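Before any comments, here is the structure.
The values are calculated or read from the model by the stated rules, or taken from the named source; none is laboratory data. Please read these numbers as outputs of a predicted model, since none were measured by experiment. Because the Cβ atoms are built from the backbone with ideal geometry, glycine has one as well, and the counts that use them run over all protein chains shown.
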Amino acid sequence: MWMNYIFFINIIITLYKNIKSNDSNKYIILPFRTERPKITKDNFLSVYLSNEIFTDIEIGTPKQKIPININFENYPFFISGSELKNLPNIFFNESKSLTYKKNSTYSYEISHYLFEKGYFSNDTIILNNNKINELIFILASKESYDIKYSGQIGLRLSSNTKENNQKITNYHFINILKKYNLISNYDFTIIYKNEFEGNLIIGKRLDEIYKENYNYENYIKTIGSPRSFEIRWHIIFDNFYYKNYSNQSIEVDIYIENGLIQCPDSIFDSFINNIFKNDIDNKICDIKEFYFTRFIICNFNFDILKVGNFSFEIKDINYNFTFMPQNLFYNINEIGKLFVFSNRKLSNHWRFGKPFFQTFNITFNKDRKIIGLYKQYGGINKGNQLNWYNIILIIICIILIIFIGYLLFLYSKINKKNKIKAQELNEEYNQLY
């Protein structure tokens, strides 16, 4: 009896695991890392100005491991091929792959600042330990400038006019994954684990993957491209304010490859006058300049709490994107505290870069052109609160276990009665004979 009972429980557990597995198998997680040289007093401004992140893919037969840059400025998914004259240190040698195929007889002109021409191609590629046959990509064959990347995953929102004409639209990395049924939808999220490492998650929202930490009820979203003609990720904030300063209608472009937050001249000047003036006068902070870009760097005696919070408000969703003081500075060993807001002189543009992604776990949906996040600060629902999905499954499992246990109890009771009756009949038979 108990063996039957355990057997049914195992079936239920297996079904539960299968449901969980089927629900979560349509997404890709690509670990990424920041690559940069050793920081010195001479190069730290240039190093922090950019944010080059890379993930590794394995391509071809036999496999070649290639570092791929992740970028918001560009659109197509490309890999550098052997025809390039100025090759990066690591590149894909298509001639050594037995499974590489060209899907175009000649190289197309590509509207792309990294390379001028490329072949529509396919080969075997491994992502998340999954082997994908004939995954399409563009093999870069002629560079526009000195190409420095072995390849790139472009995450720009849309293709431009020339790219549409050349059918480059199909070669967006997320479009490719969706076409091959490797992801459930067009959502992608960048999550930083620390200052130099993180994950690019493609194909599902965080509450669908990390159910114990994220709750869909706390998910809010806004338009990621307010105007139809825009091809980049872009947010319009109703207000920006800190302390007694405020500014209305802030338009911001979003680029993961920017190492800092770029703000207009007038905003940067207000920071100097309203926050740092006394510390600059007292030599605690200083204004540095590198290639027409201004920075503020303070020594380690500077109290960051005096800066206060910086908030960007979107009224439609009733939410403030708030940067606390600890989000506004990078501590650079033996150098000081670097303010994350910079200014390209004579510029009125806002650009949100790495500090934005480190502070908020932002989800982008390429198909619906929306940007979402979870209302808890930093995007995480603290604690191990179960969501309704798990609760319902647990309740169903409990009901099934009780029901099966009841059936086994009835079966045992009936079987016992039958045994007693059979024994009584056997005793009566023996008495007669």
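From the list GLY81, GLY118, GLY60, which one is crowded, with 20+ Cβ neighbours inside 10 Å and on the phi > 0 side of the Ramachandran plot? Explain how you work it out, then say what you get.
Numbers: GLY81 fails: on the phi > 0 side of the Ramachandran plot; GLY118 fails: on the phi > 0 side of the Ramachandran plot.
Checking each option against the conditions leaves just GLY60.
How many of the residues in the range 62-75 are within 16 Å of PHE188 (Cβ to Cβ) and not in a loop (DSSP other than H, G, I, E, B)?
So the count comes out to 4.
Report, by residue number, each residue of the range 43-61 that is touching a residue at least 12 places away in the same chain (Cβ under 8 Å), assigned to a loop (DSSP other than H, G, I, E, B) and closer than 28 Å to VAL340 by Cβ.
ASN51, GLU52
Do we have SER46 as of a type in the set (S, T, N, Q) and modelled with pLDDT of 95 or more here?
In short, no.
What are the pairs, 6+ residues apart or on separate chains, where a residue within the range 80-96 that is more than 11 Å from TYR149 (Cβ to Cβ) has its Cβ under 7 Å from a residue that is assigned to a helix (DSSP H, G or I)?
These pairs meet every condition: GLY81/GLU94; SER82/GLU94; SER82/SER95.
Only residues that are in contact with an Asp or Glu (Cβ under 7 Å, 6 or more places away or on another chain), farther than 21 Å from ARG351 by Cβ and surrounded by 13 or more Cβ atoms within 10 Å (Cβ to Cβ): list them for the range 287-338, please.
Scanning the range 287-338 gives CYS298, PHE302.
Does LYS306 satisfy the criteria of being in a helix (DSSP H, G or I), more than 25 Å from the chain's Cα centre (by Cα) and either in the same structural domain as ILE272 (by TED's automatic domain parsing) or of a type outside the set (S, T, N, Q) (or both)?
Judged against the criteria, LYS306 is a match.
Among the numbered criteria (1) part of a strand (DSSP E or B); (2) without any contact (Cβ under 8 Å) to a residue 60 or more places away in the chain; (3) not β-branched (Val, Ile, Thr), which one does ASP123 miss?
Against the list (1) part of a strand (DSSP E or B); (2) without any contact (Cβ under 8 Å) to a residue 60 or more places away in the chain; (3) not β-branched (Val, Ile, Thr), ASP123 comes up short only on (2).
Which of (1) of a type in the set (Phe, Trp, Tyr); (2) touching a Ser or Thr at 6+ places or on another chain (Cβ under 8 Å); (3) part of a strand (DSSP E or B) does PHE78 not meet, given it meets every other one?
(2)
Is it true that ILE296 is within 16 Å of ILE371 (Cα to Cα) and assigned by TED's automatic domain parsing to the domain that holds LYS375?
Here the answer is no, as ILE296 does not meet what is asked.
With the requirement that a residue be among the β-branched types (Val, Ile, Thr) and over 28 Å from THR293 (Cβ atoms), what does the range 351-369 give you?
Step one: filter the range 351-369 for residues among the β-branched types (Val, Ile, Thr), giving 359, 362-363.
Of everything in the range 351-369, just one residue is among the β-branched types (Val, Ile, Thr) and over 28 Å from THR293 (Cβ atoms), namely THR363.
If you scan the range 134-165, which residues turn out to be touching a strand residue (DSSP E or B) at 6+ places or on another chain (Cβ under 8 Å), over 18 Å from GLU73 (Cβ atoms) and surrounded by fewer than 18 Cβ atoms within 10 Å (Cβ to Cβ)?
GLU134, LYS142, listed by residue number.
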